[in-house]
Amino acid sequence: ELVSTKRVTTGHLGSLALEEGESLIGVKSYLASLLPQTKELVVAKHSEELRALDFKMGDLTVEGVMDEGSQICVLRRDIWEKLGLPLRSDHIMVMESANSSKDSTLGLLQNLKVSVGGYNFFIQVQVVKEAPYKFLVGLPFMSLTQLVTKHYTDSSSDVVMVDPNSGAVITVPTRKRKCTESSLQSESSQTGVGF
């Protein structure tokens, strides 16, 4: 079967190759459907609230702020003191915050047991003197659990994790981060952790 084409010049569409019997109106309708409709355009918000999970650590329930931009997991000193666990003060790190300030950690909580959804995970956690969060959940936890976050347009999200010891796959809903007045004040100076 032979197909022949011909060029048809139009005003704003330029040159189009049409098959025999194809109407220019059909092509214009198709092309118009590809263009974004400004009346119904869905756009992103200017910002989204941070999401958190509740972690069990010993007898405490601690809010963990999820941060895929953090190379480490970090616990605030007052929470560590409540746990009463030994700290490896020979394993300190120098942290660089989003505002380029640098601070040393106090040390490492080695193989800290944290529980989410009834499942136990063992992670390495650095302790800091002050922070605008109680527990910063960074990439080491996310890598250990193969964590995948599913975000929704209503700003909610769920995380799917794999327990590396049992192979169980669990889904847990996140929640909005609870902000205190003191954490909002210090957040303006420290909003992320990196190296």
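For ASN99, the conditions (1) at pLDDT below 95; (2) under 25 Å from ARG175 (Cβ atoms) all hold with the exception of (2). In segment 73-85, of all residues being over 13 Å from GLY58 (Cα atoms) and free of Cβ contacts under 8 Å to residues at least 60 places away in the same chain, the one that is surrounded by the most Cβ atoms within 10 Å (Cβ to Cβ) corresponds to ARG76. Scanning segment 92-115 for residues that are surrounded by 13 or more Cβ atoms within 10 Å (Cβ to Cβ), farther than 16 Å from GLU130 by Cα and free of Cβ contacts under 8 Å to residues at least 24 places away in the same chain yields one hit, GLN110.
Taking GLY118 as the residue in question, decide whether it is in the same structural domain as VAL162 (by TED's automatic domain parsing) and exposed (fewer than 11 other Cβ atoms within 10 Å of the Cβ). The answer is yes for GLY118. The sole residue among ARG77, ARG88 that is assigned by TED's automatic domain parsing to the domain that holds ALA168 and over 24 Å from LYS178 (Cα atoms) is ARG88. It is to be established whether one or more residues within segment 86-104 are touching a strand residue (DSSP E or B) at 6+ places or on another chain (Cβ under 7 Å) and within 17 Å of GLU63 (Cβ to Cβ). Taking every residue of segment 86-104 in turn, none turns out to be touching a strand residue (DSSP E or B) at 6+ places or on another chain (Cβ under 7 Å) and within 17 Å of GLU63 (Cβ to Cβ).
Scanning segment 144-164 for residues that are without any contact (Cβ under 8 Å) to a residue 60 or more places away in the chain, surrounded by 11 or more Cβ atoms within 10 Å (Cβ to Cβ) and either under 27 Å from THR105 (Cβ atoms) or among the charged types (D, E, K, R) (or both) turns up LEU144, THR145, GLN146, LEU147, LYS150, ASP158, MET161, ASP163, PRO164.
Among the listed residues LYS82, LYS113, which satisfies the condition of being among the basic types (Lys, Arg), farther than 18 Å from ALA52 by Cβ and not in a strand (DSSP E or B)? Testing whether each residue is among the basic types (Lys, Arg), farther than 18 Å from ALA52 by Cβ and not in a strand (DSSP E or B) leaves just LYS82. Report yes if ILE123 is aliphatic (A, V, I, L, M), surrounded by 15 or more Cβ atoms within 10 Å (Cβ to Cβ) and either at pLDDT below 95 or not in a strand (DSSP E or B) (or both), otherwise no. No: the conditions fail for ILE123.
Pairing residues of segment 46-71 that are more than 17 Å from PRO173 (Cβ to Cβ) with residues that are polar (S, T, N, Q), at Cβ distances under 9 Å and at least 6 apart in sequence or on separate chains, gives MET57/SER115; GLU68/THR149.
The values are calculated or read from the model by the stated rules, or taken from the named source; none is laboratory data. Predicted model only: the values in this text are computed from it and were never measured. When we count neighbours, we look across all protein chains shown, and the Cβ atoms used for this are built from the backbone with ideal geometry, even at glycine.
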